[in-house]
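The values are calculated or read from the model by the stated rules, or taken from the named source; none is laboratory data. Quantities reported herein were computed from a predicted structural model and do not represent experimental measurements. Ideal geometry is used to build each Cβ from the backbone, glycine not excepted, and the neighbour counts take in all protein chains shown.
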Amino acid sequence: MIVRNYTPFRTLLFDARDVAGREFGVFVMRGTFDLVPGAALRPSPEQRALVEVDVWHGAPNESSVYVESDLAPFKPRADILVNAVAHAPEGRPLPEWAVRVQVGMLSKALRVTGPRHWTREGDGWTLSEPEPVAEVPLRYEHAFGGTWKTNWGGASLCKENPVGVGHVGDELPQGDAPIPAPQIDSPEQPVTEVGKAYAPEGLGPIARSWQPRLARAGTFDEPWQRSRWPELPEDFEFTFHNAAHPDLIYPDFLNGDEEVTLEGMTPEGALRCYLPGYKLGLLLRHMDGSLAIAPVFLDTLFLDVPAGQAHLTWRAPVVKTKPIRVLEARMAHPTGRSHG
(Lines give C-alpha, C1' and ligand atoms only; values in the text may rest on other atoms or scores of the structure.)
Protein backbone atom coordinates (compact mmCIF):
# COMPACT_ATOMS: atom_id res chain seq x y z
CA MET A 1 0.00 0.00 0.00
CA ILE A 2 1.26 3.47 -0.91
CA VAL A 3 0.63 6.24 1.66
CA ARG A 4 0.56 9.84 0.46
CA ASN A 5 0.37 12.58 3.09
CA TYR A 6 -0.94 15.89 1.78
CA THR A 7 -1.03 17.45 5.25
CA PRO A 8 1.77 19.13 7.21
CA PHE A 9 1.30 16.69 10.09
CA ARG A 10 3.15 13.54 11.10
CA THR A 11 1.36 10.29 10.26
CA LEU A 12 1.54 6.58 11.01
CA LEU A 13 -0.35 3.55 9.75
CA PHE A 14 -0.51 0.36 11.80
CA ASP A 15 -2.71 -2.72 12.23
CA ALA A 16 -4.98 -3.58 15.15
CA ARG A 17 -7.63 -6.15 16.07
CA ASP A 18 -11.04 -5.86 17.70
CA VAL A 19 -12.56 -8.12 20.36
CA ALA A 20 -13.79 -10.52 17.68
CA GLY A 21 -10.24 -10.87 16.34
CA ARG A 22 -10.95 -8.94 13.12
CA GLU A 23 -8.00 -6.95 11.80
CA PHE A 24 -8.33 -3.31 10.79
CA GLY A 25 -5.93 -0.54 9.92
CA VAL A 26 -5.39 2.54 12.07
CA PHE A 27 -4.20 5.78 10.50
CA VAL A 28 -3.03 8.40 13.00
CA MET A 29 -2.12 12.06 12.39
CA ARG A 30 -0.54 14.32 15.01
CA GLY A 31 -0.37 18.08 14.63
CA THR A 32 1.73 20.44 16.75
CA PHE A 33 0.35 23.95 17.25
CA ASP A 34 1.38 27.10 19.09
CA LEU A 35 -1.00 28.55 21.67
CA VAL A 36 -1.98 32.04 20.49
CA PRO A 37 -4.01 34.07 23.03
CA GLY A 38 -7.30 35.27 21.59
CA ALA A 39 -6.80 33.46 18.27
CA ALA A 40 -6.89 30.07 16.62
CA LEU A 41 -4.04 27.66 17.24
CA ARG A 42 -1.21 28.18 14.76
CA PRO A 43 0.73 25.25 13.24
CA SER A 44 4.22 25.12 14.72
CA PRO A 45 7.19 25.40 12.34
CA GLU A 46 8.51 22.13 13.77
CA GLN A 47 5.95 19.33 13.69
CA ARG A 48 6.68 16.82 16.46
CA ALA A 49 6.82 13.10 15.81
CA LEU A 50 4.09 10.83 17.06
CA VAL A 51 4.58 9.60 20.60
CA GLU A 52 5.11 5.85 20.35
CA VAL A 53 5.65 5.06 24.06
CA ASP A 54 4.28 6.67 27.19
CA VAL A 55 6.40 9.49 28.65
CA TRP A 56 6.38 9.91 32.44
CA HIS A 57 7.11 12.93 34.63
CA GLY A 58 9.66 10.81 36.49
CA ALA A 59 10.45 7.12 36.73
CA PRO A 60 8.04 4.92 34.72
CA ASN A 61 5.22 3.49 36.86
CA GLU A 62 6.50 5.48 39.86
CA SER A 63 5.28 8.90 38.73
CA SER A 64 2.37 10.32 36.74
CA VAL A 65 2.18 10.22 32.95
CA TYR A 66 3.25 13.37 31.11
CA VAL A 67 2.05 12.34 27.65
CA GLU A 68 0.60 9.02 26.54
CA SER A 69 1.43 7.13 23.36
CA ASP A 70 -0.50 8.07 20.22
CA LEU A 71 -0.78 4.40 19.22
CA ALA A 72 -4.27 3.70 20.53
CA PRO A 73 -6.25 1.70 17.95
CA PHE A 74 -9.52 3.50 18.73
CA LYS A 75 -10.99 5.96 21.24
CA PRO A 76 -14.80 6.08 21.46
CA ARG A 77 -14.67 9.71 22.66
CA ALA A 78 -12.13 12.51 22.75
CA ASP A 79 -9.56 13.01 25.51
CA ILE A 80 -8.81 16.46 26.90
CA LEU A 81 -5.34 16.37 28.50
CA VAL A 82 -3.53 19.27 30.14
CA ASN A 83 0.02 19.63 31.42
CA ALA A 84 0.23 22.84 33.43
CA VAL A 85 1.36 24.65 36.56
CA ALA A 86 -1.20 26.53 38.64
CA HIS A 87 -0.17 30.18 39.04
CA ALA A 88 -1.58 32.32 41.84
CA PRO A 89 -3.31 35.52 40.63
CA GLU A 90 -0.79 38.33 40.03
CA GLY A 91 1.98 36.01 41.17
CA ARG A 92 1.30 36.71 44.85
CA PRO A 93 1.58 33.67 47.16
CA LEU A 94 -1.81 32.52 48.37
CA PRO A 95 -2.95 29.63 50.60
CA GLU A 96 -5.41 28.48 47.92
CA TRP A 97 -7.03 29.47 44.63
CA ALA A 98 -9.04 27.98 41.75
CA VAL A 99 -8.01 26.88 38.27
CA ARG A 100 -10.25 25.85 35.40
CA VAL A 101 -10.08 24.39 31.91
CA GLN A 102 -12.91 24.58 29.40
CA VAL A 103 -12.95 23.09 25.92
CA GLY A 104 -16.19 23.57 24.03
CA MET A 105 -19.04 22.30 26.21
CA LEU A 106 -16.74 20.60 28.74
CA SER A 107 -15.44 22.39 31.83
CA LYS A 108 -13.48 21.25 34.89
CA ALA A 109 -12.36 23.28 37.91
CA LEU A 110 -9.81 22.40 40.58
CA ARG A 111 -8.82 23.91 43.90
CA VAL A 112 -5.10 24.13 44.58
CA THR A 113 -3.46 24.88 47.93
CA GLY A 114 -0.06 25.34 49.42
CA PRO A 115 1.54 22.50 51.42
CA ARG A 116 -0.61 21.25 54.31
CA HIS A 117 -0.79 18.22 56.56
CA TRP A 118 -2.79 16.47 59.23
CA THR A 119 -1.40 16.58 62.78
CA ARG A 120 -2.49 14.52 65.76
CA GLU A 121 -4.37 16.40 68.47
CA GLY A 122 -5.39 14.11 71.32
CA ASP A 123 -7.37 11.23 69.83
CA GLY A 124 -8.04 12.98 66.53
CA TRP A 125 -6.31 14.56 63.55
CA THR A 126 -6.51 18.19 62.45
CA LEU A 127 -5.80 19.52 58.96
CA SER A 128 -3.41 22.47 59.01
CA GLU A 129 -3.99 25.71 57.14
CA PRO A 130 -2.15 25.65 53.78
CA GLU A 131 1.07 27.61 53.43
CA PRO A 132 0.95 30.46 50.89
CA VAL A 133 2.60 29.59 47.56
CA ALA A 134 2.71 31.13 44.10
CA GLU A 135 2.81 27.92 42.03
CA VAL A 136 1.60 24.31 42.23
CA PRO A 137 2.38 21.74 39.49
CA LEU A 138 -0.90 20.21 38.36
CA ARG A 139 0.23 16.60 38.64
CA TYR A 140 -1.29 13.59 40.35
CA GLU A 141 1.66 13.54 42.74
CA HIS A 142 -0.10 16.44 44.52
CA ALA A 143 -3.60 14.91 44.40
CA PHE A 144 -5.25 12.44 46.75
CA GLY A 145 -3.73 8.96 46.64
CA GLY A 146 -0.42 7.29 47.38
CA THR A 147 0.86 4.19 49.13
CA TRP A 148 0.70 4.01 52.92
CA LYS A 149 2.64 1.69 55.23
CA THR A 150 0.22 0.18 57.69
CA ASN A 151 0.74 -0.19 61.43
CA TRP A 152 1.49 -3.88 60.91
CA GLY A 153 4.21 -3.48 58.33
CA GLY A 154 2.04 -3.96 55.25
CA ALA A 155 1.10 -1.43 52.59
CA SER A 156 -2.18 0.13 51.53
CA LEU A 157 -2.27 1.25 47.90
CA CYS A 158 -4.64 3.78 46.38
CA LYS A 159 -5.45 1.98 43.13
CA GLU A 160 -6.85 5.15 41.58
CA ASN A 161 -3.61 7.11 42.10
CA PRO A 162 -0.66 5.29 43.67
CA VAL A 163 1.68 8.31 43.31
CA GLY A 164 -0.44 10.81 45.28
CA VAL A 165 -0.60 11.82 48.95
CA GLY A 166 -3.15 11.60 51.76
CA HIS A 167 -4.26 7.98 51.43
CA VAL A 168 -3.90 6.02 54.70
CA GLY A 169 -6.11 3.01 53.99
CA ASP A 170 -8.56 1.58 56.51
CA GLU A 171 -6.55 2.20 59.67
CA LEU A 172 -5.23 5.48 61.00
CA PRO A 173 -1.56 5.62 61.99
CA GLN A 174 -0.68 5.10 65.64
CA GLY A 175 2.22 7.55 65.72
CA ASP A 176 2.31 11.33 65.86
CA ALA A 177 4.13 12.01 62.57
CA PRO A 178 2.29 14.54 60.38
CA ILE A 179 0.47 13.13 57.35
CA PRO A 180 0.89 15.12 54.12
CA ALA A 181 -2.42 16.22 52.59
CA PRO A 182 -3.23 16.76 48.89
CA GLN A 183 -2.67 20.18 47.34
CA ILE A 184 -5.13 19.51 44.50
CA ASP A 185 -8.76 18.65 45.11
CA SER A 186 -12.30 19.36 43.97
CA PRO A 187 -14.04 22.64 44.90
CA GLU A 188 -17.24 20.61 45.39
CA GLN A 189 -15.63 17.85 47.48
CA PRO A 190 -12.53 19.28 49.16
CA VAL A 191 -10.24 16.96 51.08
CA THR A 192 -10.86 17.50 54.80
CA GLU A 193 -10.86 14.17 56.68
CA VAL A 194 -7.93 11.85 57.20
CA GLY A 195 -8.80 8.23 56.47
CA LYS A 196 -11.59 9.09 54.05
CA ALA A 197 -11.25 8.10 50.37
CA TYR A 198 -11.47 10.88 47.78
CA ALA A 199 -11.43 10.80 44.00
CA PRO A 200 -7.99 11.90 42.73
CA GLU A 201 -8.23 15.20 40.89
CA GLY A 202 -6.07 16.32 37.99
CA LEU A 203 -5.91 17.28 34.34
CA GLY A 204 -3.32 14.84 32.96
CA PRO A 205 -3.50 11.24 31.72
CA ILE A 206 -4.63 8.41 33.97
CA ALA A 207 -2.01 5.64 33.76
CA ARG A 208 -3.14 2.37 32.17
CA SER A 209 -2.50 0.46 35.41
CA TRP A 210 -4.67 2.78 37.54
CA GLN A 211 -8.33 2.30 38.30
CA PRO A 212 -10.97 2.79 37.04
CA ARG A 213 -9.18 2.63 33.69
CA LEU A 214 -7.56 -0.77 34.28
CA ALA A 215 -10.95 -2.45 34.80
CA ARG A 216 -11.91 -1.61 31.20
CA ALA A 217 -8.98 -3.67 29.87
CA GLY A 218 -10.98 -6.83 30.52
CA THR A 219 -10.24 -10.07 32.32
CA PHE A 220 -6.81 -11.59 31.70
CA ASP A 221 -7.29 -14.80 33.67
CA GLU A 222 -6.50 -18.48 33.19
CA PRO A 223 -9.53 -19.17 30.95
CA TRP A 224 -8.44 -16.26 28.73
CA GLN A 225 -4.91 -17.68 28.54
CA ARG A 226 -6.27 -21.12 27.73
CA SER A 227 -8.92 -20.24 25.15
CA ARG A 228 -8.39 -16.71 23.78
CA TRP A 229 -4.75 -15.63 24.03
CA PRO A 230 -3.45 -13.57 22.22
CA GLU A 231 -6.85 -12.07 21.36
CA LEU A 232 -8.43 -9.41 23.56
CA PRO A 233 -10.65 -10.56 26.43
CA GLU A 234 -14.34 -10.74 25.59
CA ASP A 235 -15.07 -8.03 28.19
CA PHE A 236 -12.45 -5.61 26.82
CA GLU A 237 -13.80 -2.08 26.27
CA PHE A 238 -12.22 0.36 23.83
CA THR A 239 -12.89 3.07 26.43
CA PHE A 240 -9.72 1.66 28.02
CA HIS A 241 -7.83 3.79 25.50
CA ASN A 242 -9.39 7.00 26.83
CA ALA A 243 -6.62 8.30 29.08
CA ALA A 244 -8.16 11.55 30.33
CA HIS A 245 -9.55 12.13 33.80
CA PRO A 246 -13.19 10.91 33.72
CA ASP A 247 -14.36 14.54 33.93
CA LEU A 248 -12.30 15.43 30.84
CA ILE A 249 -13.48 12.74 28.44
CA TYR A 250 -15.49 14.71 25.89
CA PRO A 251 -19.10 13.63 25.17
CA ASP A 252 -18.13 12.89 21.55
CA PHE A 253 -15.22 13.53 19.20
CA LEU A 254 -14.05 17.12 18.92
CA ASN A 255 -15.36 19.15 16.00
CA GLY A 256 -11.99 20.92 15.74
CA ASP A 257 -12.98 24.58 16.18
CA GLU A 258 -13.91 24.62 19.89
CA GLU A 259 -13.05 27.52 22.16
CA VAL A 260 -10.43 26.75 24.82
CA THR A 261 -10.17 28.63 28.12
CA LEU A 262 -7.44 28.10 30.70
CA GLU A 263 -7.77 29.96 33.99
CA GLY A 264 -4.98 30.15 36.56
CA MET A 265 -2.43 28.27 34.46
CA THR A 266 -0.25 31.09 33.15
CA PRO A 267 1.47 34.00 34.93
CA GLU A 268 -0.60 36.36 32.76
CA GLY A 269 -3.92 34.99 34.01
CA ALA A 270 -6.63 33.52 31.82
CA LEU A 271 -5.75 32.28 28.35
CA ARG A 272 -8.41 31.93 25.68
CA CYS A 273 -7.82 30.46 22.23
CA TYR A 274 -9.52 28.25 19.64
CA LEU A 275 -8.86 24.96 17.96
CA PRO A 276 -7.73 25.60 14.38
CA GLY A 277 -10.74 24.29 12.47
CA TYR A 278 -8.93 21.91 10.13
CA LYS A 279 -10.95 19.11 8.55
CA LEU A 280 -9.02 15.96 7.74
CA GLY A 281 -9.98 12.90 5.77
CA LEU A 282 -8.63 9.81 4.03
CA LEU A 283 -9.13 8.91 0.38
CA LEU A 284 -8.77 5.19 -0.34
CA ARG A 285 -7.90 4.12 -3.88
CA HIS A 286 -8.60 0.41 -4.19
CA MET A 287 -6.89 -2.06 -6.45
CA ASP A 288 -10.07 -2.42 -8.52
CA GLY A 289 -10.10 1.31 -9.26
CA SER A 290 -12.90 2.22 -6.88
CA LEU A 291 -12.61 5.07 -4.40
CA ALA A 292 -13.78 5.41 -0.79
CA ILE A 293 -13.56 8.06 1.91
CA ALA A 294 -12.65 7.11 5.48
CA PRO A 295 -13.71 9.55 8.21
CA VAL A 296 -11.02 10.93 10.49
CA PHE A 297 -11.83 11.70 14.14
CA LEU A 298 -10.16 14.31 16.34
CA ASP A 299 -9.95 12.25 19.53
CA THR A 300 -7.10 13.81 21.53
CA LEU A 301 -6.27 17.36 22.57
CA PHE A 302 -3.11 17.71 24.65
CA LEU A 303 -2.47 21.22 25.97
CA ASP A 304 1.15 21.59 27.09
CA VAL A 305 0.83 25.00 28.68
CA PRO A 306 4.44 25.56 29.90
CA ALA A 307 5.67 24.73 26.37
CA GLY A 308 3.09 27.08 24.83
CA GLN A 309 1.88 24.30 22.54
CA ALA A 310 -1.11 22.12 21.79
CA HIS A 311 -0.98 18.68 20.17
CA LEU A 312 -3.99 17.41 18.24
CA THR A 313 -4.33 13.74 17.31
CA TRP A 314 -6.69 12.54 14.59
CA ARG A 315 -7.44 8.85 14.13
CA ALA A 316 -9.14 6.88 11.37
CA PRO A 317 -10.10 3.20 11.32
CA VAL A 318 -9.34 1.73 7.90
CA VAL A 319 -11.52 -1.25 7.00
CA LYS A 320 -9.72 -3.64 4.67
CA THR A 321 -12.73 -5.13 2.88
CA LYS A 322 -10.95 -4.61 -0.46
CA PRO A 323 -7.21 -4.34 -1.20
CA ILE A 324 -6.05 -0.73 -1.04
CA ARG A 325 -3.54 0.54 -3.58
CA VAL A 326 -3.10 4.11 -2.34
CA LEU A 327 -4.13 5.82 0.89
CA GLU A 328 -4.16 9.63 0.74
CA ALA A 329 -4.35 11.90 3.79
CA ARG A 330 -5.99 15.18 2.82
CA MET A 331 -6.89 18.36 4.67
CA ALA A 332 -9.35 21.21 4.23
CA HIS A 333 -8.02 24.51 5.53
CA PRO A 334 -10.05 26.64 7.97
CA THR A 335 -12.76 28.74 6.38
CA GLY A 336 -11.17 31.98 7.57
CA ARG A 337 -13.49 32.49 10.53
CA SER A 338 -12.09 35.21 12.75
CA HIS A 339 -11.33 34.36 16.37
CA GLY A 340 -10.82 37.25 18.68
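General observations
- Hey, ALA49 among the small types (Gly, Ala, Ser) and assigned to a strand (DSSP E or B) or not: no
- Screening region 192-298 for strands (runs of 3 or more DSSP E) wholly inside it with 3 or more residues that are loosely packed, with under 15 Cβ neighbours inside 10 Å returns the ranges 291-295.
- Selection of region 107-126 for residues being touching a Lys or Arg at 6+ places or on another chain (Cβ under 8 Å) and buried (at least 17 other Cβ atoms within 10 Å of the Cβ) yields LYS108, LEU110.
- Residues that are closer than 23 Å to ALA310 by Cα and either among the aliphatic types (A, V, I, L, M) or not in a strand (DSSP E or B) (or both), drawn from region 113-140: VAL136, LEU138, ARG139, TYR140
- In summary, LEU301 fulfils each of the numbered conditions (1) assigned to a strand (DSSP E or B); (2) touching a residue at least 60 places away in the same chain (Cβ under 8 Å); (3) touching a Gly at 6+ places or on another chain (Cβ under 7 Å) with the single exception of condition (3).
- Subset of region 163-189 that is among the β-branched types (Val, Ile, Thr) and not in a loop (DSSP other than H, G, I, E, B) - its residue that is farthest from GLY58 (Cα to Cα): ILE179
- Total residues in region 49-65, condition surrounded by 13 or more Cβ atoms within 10 Å (Cβ to Cβ), at pLDDT 95 or above and of a type outside the set (Val, Ile, Thr): 6
- Among the residues listed as GLY104, GLY21, the single one being over 22 Å from GLN183 (Cβ atoms) and surrounded by 15 or more Cβ atoms within 10 Å (Cβ to Cβ): GLY104
- Some residue of region 145-154 being of a type in the set (Ser, Thr, Tyr), closer than 30 Å to PHE302 by Cα and touching a Gly at 6+ places or on another chain (Cβ under 8 Å): no
- Residue match in region 204-216 (condition: within 30 Å of GLY124 (Cβ to Cβ) and touching a His at 6+ places or on another chain (Cβ under 6 Å)): no
- Residues that are closer than 24 Å to ILE249 by Cβ and either of a type in the set (D, E, K, R) or part of a strand (DSSP E or B) (or both), drawn from region 52-78: GLU52, ASP54, VAL55, TRP56, VAL65, TYR66, VAL67, GLU68, ASP70, LYS75, ARG77
- Condition met for SER107 (of a type in the set (Ser, Thr, Tyr) and outside any strand (DSSP E or B)): no
- Residue in region 6-37 that is modelled with the lowest pLDDT, counting only those that are of a type in the set (A, V, I, L, M) and out of contact with any strand residue (DSSP E or B) (no Cβ under 9 Å at 6 or more places or on another chain): ALA20
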